[in-house]
Amino acid sequence: MPQRVFPAYRRAMLAAGRFLNFHQEMSMQKPRTIIALAVLTGVLGAPLAAQAQTTIIEERGGTVGVAPPSVEYFIGETERPAFREYVVRERVPSYAVSVPVARGSVLPESGVTYYDVPQQYGATTYRYTVVNDRTVLVDPRSRRIMQVLD
C-alpha cells in the first residue's frame, strides 16, 4: 500500500538519487578531464614553442639583433680581407651620409644603393654598401647597419 500512496514521492526520491549519483560520478571525472586538457595543450603547444625559439647574435660584446638559429649573417674575420678586395675590385661608390657609421645606425631611405653579398663570402640576408668610405652590411628592410667591415 505505501507504494500506491506515495508513488510521486518515491519517483522524486529515485530521481534525486540518480541525480546525486550522476553528480558524484561527474565530479570524479572533472580532474581527469582537466588533466587530459592540460596534456593535450602541452602536446599541441610544444611545436609552436620550438618554432618561437631564436638566437641572439653578438659581435664583440654588443647585441646586434635576433635571428633564427643556425643562420650566419655576418662576414667572418677570415673572409673580410677578401671581401674588402672584392668591394674595391667592383668599384662600389661611397655614399656620404650624415648618420654615424656604426652598428645600429639607420641609413637614409634614398640616396644609398645596396648590393648582394656573393655566396663565396657566406650566406647572408643582408646587403652591403659603402658609406663615408666604410664598407657595411645592412638589413635591407630596416636599412639598419648590422656590421661595419673596416
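The values are calculated or read from the model by the stated rules, or taken from the named source; none is laboratory data. Note that the structure is predicted; figures quoted are calculated from it, not measured. Every residue, glycine among them, receives a Cβ derived from its backbone with ideal geometry; neighbour counts consider all protein chains shown.
Structural remarks
- Scanning region 112-138 for residues that are within 24 Å of the chain's Cα centre (by Cα) and without any contact (Cβ under 8 Å) to a residue 60 or more places away in the chain yields a total of 7.
- Hits in region 112-138 (condition: modelled with pLDDT of 85 or more and in a loop (DSSP other than H, G, I, E, B)): Val112, Thr113, Tyr114, Val117, Pro118, Thr125, Tyr126, Asn132, Asp133
- In region 132-145, the residues that are farther than 18 Å from Pro81 by Cα and surrounded by 15 or more Cβ atoms within 10 Å (Cβ to Cβ): Val138, Asp139, Arg143, Arg144, Ile145
- Residue list for region 83-111, filter: assigned to a helix (DSSP H, G or I) and more than 33 Å from the chain's Cα centre (by Cα): Glu85, Tyr86, Val88, Arg89
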